[in-house]
Amino acid sequence: MHTIQSVAERTGLTPDVIRIWERRYQAVSPHRTAANQRLYSEDDVERLDLLKRVTDGGRRISAVANLSNTELRDMLAQQPPSPSLPPLRGNGSNGANLTSDAIDTILQLDPIRFEAVLNRAMLDLGSVGFMMQFAAPLMQTVGHLWRSGAVRTCQEHFASAQMRSFLGRYILDANTDPQGPRIVMATLPGQAHELGATMAGVIAAQGGWNVIYLGPNVPIEEIAFCADCKDARAVGISISYPLEDPRVSPLLRELKLKLQPDCHLLVGGAAAHRYRDTLQDIGAWESEDLGQLAAQLNHLR
């Protein structure tokens, strides 16, 4: 039998997440000692490890907690490899404190403190470093904690809304070159998570592009109309959640057909790699991270 600390070390889950999965989702039922200490069997450890790997791949714990171990193994066999989360870091010794403070303010649903943490991180890292080294890894971690059940839906929505508002102001501040090449930023129909597109918009504006930001859930014909109307040199699409959406590949193909031949299609986000075959087939550019996006935009410009 194993203690919760031993299980945490073997699975990579935190003790808090293990307790949440037990209480809220009945994922395992550990033995209790007379002193009420949890003790986990090898079967429990294997099950928790399977659940962690499945949720790391993008599925919510609430959707898989009641599946059998055999079903979880089958799911993992069909699951594309998920890119590892980038490390959260800051510039100097204050970085760890900023990250810890950001997570704490999200859990506490405290908008004033969260805004203050974001301002401190922006001053510490600069605008591009803020997004690439702090904001993007932070929000990926929040998404991971949400899928694992350690962060509630309202807390994940709070973090996304506050970050989106914060970054939206920087798009306007940096979007000062009316003669710069135009890029349209949006997400596809069914893709309501727009934070990746917002971050990409800031990167583009910082690089001298004139950004036309349309937001989430935009119909294909409207994206294409905007790109044509504004003579855009590029269209940027963020694909983040849901991770597996059968509508995405047909929508990408439709969008590419509707764009002018000299308008480049750039696609990024947490789920973009899952549609790599489609992107290669239609001649779209895949941006694996914000650093690569910045380099691609600089090349196109």
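The values are calculated or read from the model by the stated rules, or taken from the named source; none is laboratory data. Being a predicted model, the structure only gives us computed values, none of them experimental. When we count neighbours, we look across all protein chains shown, and the Cβ atoms used for this are built from the backbone with ideal geometry, even at glycine. The accessibility values were calculated without ligands, DNA or RNA, using every heavy atom of the protein model including side chains. Shrake-Rupley method; radii C 1.70, N 1.55, O 1.52, S 1.80 Å.
Checked against (1) in contact with a Cys (Cβ under 8 Å, 6 or more places away or on another chain); (2) surrounded by fewer than 23 Cβ atoms within 10 Å (Cβ to Cβ); (3) of a type outside the set (Asp, Glu); (4) part of a loop (DSSP other than H, G, I, E, B), Leu214 meets all criteria but (4).
Picking from residues in region 270-289 that are polar (S, T, N, Q) and in a helix (DSSP H, G or I), the one that is most open to solvent (accessible area, probe 1.4 Å) is Gln280. Comparison of Thr153, Thr176 shows that the only residue that is modelled with pLDDT of 85 or more and open to solvent by 50 Å² or more (accessible area, probe 1.4 Å) is Thr153. I'd like to know if region 186-202 contains one or more residues that are surrounded by fewer than 19 Cβ atoms within 10 Å (Cβ to Cβ) and of a type in the set (A, V, I, L, M). The answer is yes; a qualifying residue exists.
In the set (1) in contact with a helix residue (DSSP H, G or I) (Cβ under 6 Å, 6 or more places away or on another chain); (2) not in a helix (DSSP H, G or I), the condition left unmet by Pro189 is number (1).
Test Arg53 against the criterion of being assigned to a helix (DSSP H, G or I), over 22 Å from the mean Cα position of the chain (by Cα) and among the basic types (Lys, Arg), and give yes or no. It is false that Arg53 is assigned to a helix (DSSP H, G or I), over 22 Å from the mean Cα position of the chain (by Cα) and among the basic types (Lys, Arg). Search region 1-14 for residues that are without any contact (Cβ under 8 Å) to a residue 40 or more places away in the chain and of a type in the set (A, V, I, L, M, F, W, C) and pair each with any residue that is open to solvent by 20 Å² or more (accessible area, probe 1.4 Å) and assigned to a helix (DSSP H, G or I) when their beta-carbon atoms are under 9 Å apart and the residues are at least 6 apart or on different chains. Cβ pairs passing all conditions: Ile4/Pro15; Ile4/Arg19; Ala8/Pro15.
Okay, residues lined up against (1) among the hydrophobic types (A, V, I, L, M, F, W, C); (2) closer than 19 Å to Met139 by Cα; (3) in contact with a Ser or Thr (Cβ under 6 Å, 6 or more places away or on another chain):
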{"residue": "Ala224", "(1), (2), (3)": "yes, no, no"}
{"residue": "Ala227", "(1), (2), (3)": "yes, no, no"}
{"residue": "Pro242", "(1), (2), (3)": "no, yes, no"}
{"residue": "Pro250", "(1), (2), (3)": "no, no, no"}
{"residue": "Ala270", "(1), (2), (3)": "yes, yes, yes"}
{"residue": "Ala284", "(1), (2), (3)": "yes, no, no"}
{"residue": "Leu293", "(1), (2), (3)": "yes, yes, yes"}
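Annotation: of all residues in region 1-16 being open to solvent by less than 90 Å² (accessible area, probe 1.4 Å) and assigned to a helix (DSSP H, G or I), the one that is nearest to Met75 (Cα to Cα) is Thr11. Selection of first residues in region 54-70 that are closer than 25 Å to His273 by Cα and of second residues that are open to solvent by less than 10 Å² (accessible area, probe 1.4 Å) and not in a helix (DSSP H, G or I), restricted to Cβ pairs under 7 Å at least 6 apart or on distinct chains, gives the following pairs, ordered by first then second residue: Ile61/Gly149; Ser62/Gly149. Only residues that are at pLDDT 65 or above and part of a helix (DSSP H, G or I) were counted across region 56-97, and they come to 16.
Restricting attention to region 17-44 and to residues that are farther than 21 Å from Leu145 by Cβ and of a type in the set (A, V, I, L, M), the residue that is surrounded by the most Cβ atoms within 10 Å (Cβ to Cβ) turns out to be Leu39. Out of Ala159, Ala205, report the one residue that is touching a Phe, Trp or Tyr at 6+ places or on another chain (Cβ under 8 Å), farther than 27 Å from Arg60 by Cβ and surrounded by 17 or more Cβ atoms within 10 Å (Cβ to Cβ). Answer to the check: Ala205. Checked across region 253-265, the condition of being without any contact (Cβ under 8 Å) to a residue 12 or more places away in the chain, open to solvent by 30 Å² or more (accessible area, probe 1.4 Å) and assigned to a helix (DSSP H, G or I) holds for at least one residue. Does Ala200 satisfy the condition of being over 29 Å from Ala116 (Cα atoms) and in contact (Cβ under 8 Å) with a residue 40 or more places away in the chain? No; evaluated as a whole, the condition is false for this residue.
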